[in-house]
1. Let me have the relative contact order for region 21-95, percent, based on Cα pairs under 8 Å that are six or more residues apart.
2. When ligands, DNA and RNA are left out and all protein chains stay put, how many square angstrom of accessible area per residue does the chain have with a 1.4 Å probe?
3. Given axes a ≥ b ≥ c from the Cα gyration tensor, I'd like to know whether region 42-100 is rounded (a/c under 1.5), prolate (a/b larger than b/c) or oblate.
4. Among rounded, prolate and oblate, which fits region 31-70 when a ≥ b ≥ c are the square roots of the eigenvalues of its C-alpha gyration tensor, a/c under 1.5 means rounded, and a/b larger than b/c means prolate?
5. What FRET efficiency comes out for Ala77 versus Arg15 if R0 is 25 angstrom and r is the Cβ-Cβ distance? Round to the nearest 0.05.
6. So how much slack lies between Lys39 and Asp92, counting 0.36 nm per residue of separation and subtracting their Cα-Cα distance, in nm?
7. Let me know the volume per residue of the alpha-carbon convex hull for the chain, in Å³.
8. Compute the distance in nm between two label points, each set 7 Å from the Cα along the Cα-to-Cβ direction, one at Cys53 and one at Ser100.
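The values are calculated or read from the model by the stated rules, or taken from the named source; none is laboratory data. Source: prediction; values computed, not measured. Neighbour counts run over all protein chains shown; Cβ positions are idealised from the backbone, glycine included. Quick note on the areas: whole protein, heavy atoms, side chains included, nothing else; ligands and nucleic acids left out. Shrake-Rupley method; radii C 1.70, N 1.55, O 1.52, S 1.80 Å.
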Amino acid sequence: MRVIAKRSLQLFWERPGCADARGPLHSWYAETTKAIWRKPQDIKDRYAGASICGNNRVVFNVGGNKYRLVVEVQYQAGLVWVKFVGTHAQYDRIDVETVSDH
């Protein structure tokens, strides 16, 4: 898969107090760029804790569920857009189906 907006991940882990997200986010990015996701079940097969949501959104628990990553997946095009990365508390205040970092 091609991940769009890797910079969003980096900007997050560079925030004060979020450095511990670097390893998990970097691992997620590395795995995702090698993955082939043709349907939501392909994601669930690898990330059982991922939540498949409306509007082609998927929520990943990162860093032992301390952080949340929301992406939009375009399966046929092989694209994954980072839409949100934040703490669990920040995640609780967003609408997964409409949030966008851009």
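1. On the way: 90 pairs, mean separation 16.2, N = 75.
The normalised contact order for region 21-95 reaches 22 percent.
2. 55 Å²
3. Details: a/c = 2.06, a/b = 1.28, b/c = 1.61.
It is oblate, given that a/c is not under 1.5 and a/b is not larger than b/c.
4. Oblate, because a/c is 1.5 or more while a/b does not exceed b/c.
5. 0.25
6. 16.5 nm
7. Details: hull volume 9.2 nm³, N = 102.
About 90 Å³ per residue, rounded to a whole number.
8. According to this spin-label approximation, the distance is 1.5 nm.
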